[in-house]
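The values are calculated or read from the model by the stated rules, or taken from the named source; none is laboratory data. Only a predicted model underlies this, so the values are computations on that prediction, with no experimental measurement involved. Cβ placement follows ideal geometry from the backbone for every residue including glycine, while neighbour counts extend to all protein chains displayed. With ligands, DNA and RNA removed, areas are computed over all heavy atoms of the protein, side chains included. Shrake-Rupley method; radii C 1.70, N 1.55, O 1.52, S 1.80 Å.
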Amino acid sequence: MDVPKDQIATLLENGLYDSAQMLGCFLVSSPAVNAETSLHLKAESLALIGDSLFREREYRRAIHNYKQALQYYKMIPKQNTPSSRSPLSSNRSSSPNSYNVTAINENEVKFKIASCHYTLNENKAALVEMEGIPSKARNLPMNLLLAKLYRNSRHNRAAVAIYKECLRHCPFIFEAITALAELGSTAKDIISLFPQTPNRSGRAQYDHFEPCRWLQRYVEAQCCMASNDYKGGLELFADLLQRFPNNIHLLLEIAKVEAIVGKNEEAIMNFEKARSIDPYIMTYMDEYAMLLKLKSDYSKLNKLVHDLLNIDPARPEVFVVLSVLWERKDERRALSYAEQSIRIDERHIPGYIMKGNLLLTMKRAEAAVVAFRGAQELRPDIRSYQGLVHTYLALSKIKEALYAAREAMKAMPQSAKALKLVGDVHASNSGGREKAKKFYESALRLEPGYLGAALALAELHVTEGRNGDAVSLLERYLKDWADDSLHVKLAQVFAATNMLQEALSHYQAALRLNAQNEAAKRGLERLEKQMKGVDPDAPEEDDDNDVEDADGDQEETELL
């Protein structure tokens, strides 16, 4: 043969994909391969070119070559297929990384085509290919991809069955553990799937698994997270971290949960610890960016954007981080970045949360509902409930807001944030303020350090003319928490009661703690007009917008 086929495999094994692809072009165009008697060679050569294109991320070209390979394979007359090397009994790996020079396996090529479609977010096309592979012919990577595709297509029952099959083969498939937890399986159900079959020596196949109590604890932690038992999940993850110090995966999981429940300082610390161990991690870095934005730490946020763009500018996390960065300057641009993150990965929850928050700020509440519902369908957490409740309130849809808040309370009965959400709905109309007060107080009893509930209760006191109660509540919290939002709320109360000097003092204190606090800046500007005897509510468009934005900033802090 003019072109040695085995050399393509050698090039692929050594990672020389460009050369493998070029050599493949010579091979498939050679007269020897194009002869009618060499159809199997043509099919194999096209499959090898597909493998090289897959590794070069040229997925459309890879699909084209794989499909051509299958067409030639189907044209091979049965009698011409070498009996000692049947294509269907080939031992080639289903991964494009494996390049044994043997006849192609139709099921493996279908899997590779499906893998390309999946990478391109073409789930339906991928599912068609995977469902064409008989169940008995599927290996572990095939089953895992099929489970993901079923889940993405909302065929949850089928997804659960395939994920369980994966864990029966190997208990260390963490993707399957997390997915089963999120799809409603209990920790006991998941652990019961782990294989314990004896081998020839009489020992369990995973004899090292029996002492692996840590894996069972990990399963329990993921099931806690899936059922919104954040406290239980954090405790289990913390126990695991003691056994495996500096475990990046555990640090990131803990930080993500802390971000969701509002333990912002602890979350920032764990994200930064993970980054100090591995400065090139991308996972959950958009969650970290949202926290930096809440803290108004724009120098760190700018550095994070720069770092992530240098690591991998195509990841969905990068576009959420860019959205966070641009939110202050250009909301439309920020929104386009959030939407791009979802286009890259339709299951990227922070993209939906960010999109919902931006749409709410831009007074596009109906579209915000769709975004928050999208996040909730993927995995409900307190942030998607908060977004829905506040969006329905913006639309004056009180019944829908109350339903969403109660849904959150049922899903998270021990969550102070869920209690506050119900209070927010009741506080939105004068007839429900007494109920709102009870819910806010219950939230503070459950979580005394929850400043969101304290601020909401103080606002309720002010609305009902109990300014003294609001001041005493906020001052009590200021003794334990030096927080700029407490100072801003106190300043607003004092300004409303014409105690301008006290208001000035607290606005200045807020800006000392956080020089980027926009609500404090705007409040101080209004206060200066009051102190000069100028009406701060005089018909100036900018001022009106500023007041609304101040409320929006505080609401966004709650959402995130």
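Here are some conditions: (1) open to solvent by 60 Å² or more (accessible area, probe 1.4 Å); (2) within 26 Å of Ser227 (Cβ to Cβ). Gly356 meets all but one. Which one does it not meet?
Going through (1) open to solvent by 60 Å² or more (accessible area, probe 1.4 Å); (2) within 26 Å of Ser227 (Cβ to Cβ) one by one, Gly356 breaks only (1).
Pick out the one residue from Gln508, Gln501 that is at pLDDT below 85 and either over 28 Å from Ala394 (Cα atoms) or out of contact with any strand residue (DSSP E or B) (no Cβ under 9 Å at 6 or more places or on another chain) (or both).
Gln501
Could we say that Ala404 is crowded, with 24+ Cβ neighbours inside 10 Å and free of Cβ contacts under 8 Å to residues at least 24 places away in the same chain here?
It is true that Ala404 is crowded, with 24+ Cβ neighbours inside 10 Å and free of Cβ contacts under 8 Å to residues at least 24 places away in the same chain.
As an exercise: evaluate Asn152 against (1) free of Cβ contacts under 8 Å to residues at least 60 places away in the same chain; (2) within 25 Å of Glu253 (Cβ to Cβ) and give the number of the one condition it does not meet.
If we test Asn152 against (1) free of Cβ contacts under 8 Å to residues at least 60 places away in the same chain; (2) within 25 Å of Glu253 (Cβ to Cβ), just (1) comes out false.
Which ones in segment 390-420 are assigned to a helix (DSSP H, G or I), closer than 20 Å to Glu366 by Cβ and more than 23 Å from the chain's Cα centre (by Cα)?
Narrowing segment 390-420 to residues assigned to a helix (DSSP H, G or I): 390-394, 398-411, 416-420.
Now drop any that are not closer than 20 Å to Glu366 by Cβ, which leaves 390-394, 398-405, 407.
Passing the criteria: Tyr392, Leu393, Ala394, Ile398, Lys399, Glu400, Ala401, Leu402, Tyr403.
Identify the single condition in (1) surrounded by fewer than 14 Cβ atoms within 10 Å (Cβ to Cβ); (2) modelled with pLDDT of 85 or more that Asp480 does not satisfy, given that it satisfies every other one.
So Asp480 meets the others, but not (2).
Could you identify the single residue in Glu210, Glu265, Glu272, Glu258 that is modelled with pLDDT of 95 or more and not aliphatic (A, V, I, L, M)?
After applying the criteria, what remains is Glu272.
Examine segment 145-157 for a residue that is more than 17 Å from Ile113 (Cα to Cα), over 20 Å from the mean Cα position of the chain (by Cα) and either modelled with pLDDT of 95 or more or surrounded by fewer than 21 Cβ atoms within 10 Å (Cβ to Cβ) (or both), and state whether such a residue exists.
Among the residues of segment 145-157, at least one is more than 17 Å from Ile113 (Cα to Cα), over 20 Å from the mean Cα position of the chain (by Cα) and either modelled with pLDDT of 95 or more or surrounded by fewer than 21 Cβ atoms within 10 Å (Cβ to Cβ) (or both), which makes the answer yes.
Output the qualifying pairs, or none if there are none: Cβ atoms under 7 angstrom, residues six or more apart or on different chains, first residue in segment 288-317 and more than 28 Å from Asp484 (Cβ to Cβ), second residue of a type in the set (Phe, Trp, Tyr).
These pairs meet every condition: Ile311/Tyr280.
Residues being at pLDDT below 90 and in contact with a Lys or Arg (Cβ under 7 Å, 6 or more places away or on another chain): count how many of those fall in segment 383-426.
Residues meeting the conditions: 1.
What is the residue count in segment 324-369 for residues that are touching a helix residue (DSSP H, G or I) at 6+ places or on another chain (Cβ under 7 Å) and part of a helix (DSSP H, G or I)?
31
Inside segment 227-300, counting only helices (runs of 4 or more DSSP H) that do not spill past its ends, which hold 1 or more residues that are surrounded by 16 or more Cβ atoms within 10 Å (Cβ to Cβ) and touching a Gly at 6+ places or on another chain (Cβ under 9 Å)?
Per the criteria, 248-261, 285-294.
Take the conditions without any contact (Cβ under 8 Å) to a residue 60 or more places away in the chain, within 24 Å of Leu421 (Cβ to Cβ), in contact with a Gly (Cβ under 9 Å, 6 or more places away or on another chain) and not assigned by the TED database to the domain that holds Leu292 and apply them to Lys489. Does it pass?
Values: without any contact (Cβ under 8 Å) to a residue 60 or more places away in the chain: yes; within 24 Å of Leu421 (Cβ to Cβ): yes; in contact with a Gly (Cβ under 9 Å, 6 or more places away or on another chain): no; not assigned by the TED database to the domain that holds Leu292: yes.
No, not satisfied.
If you take the residues in segment 471-502 that are assigned to a helix (DSSP H, G or I) and of a type in the set (Ser, Thr, Tyr), which one is farthest from Glu459 (Cα to Cα)?
Filtering first and then ranking leaves Tyr477.
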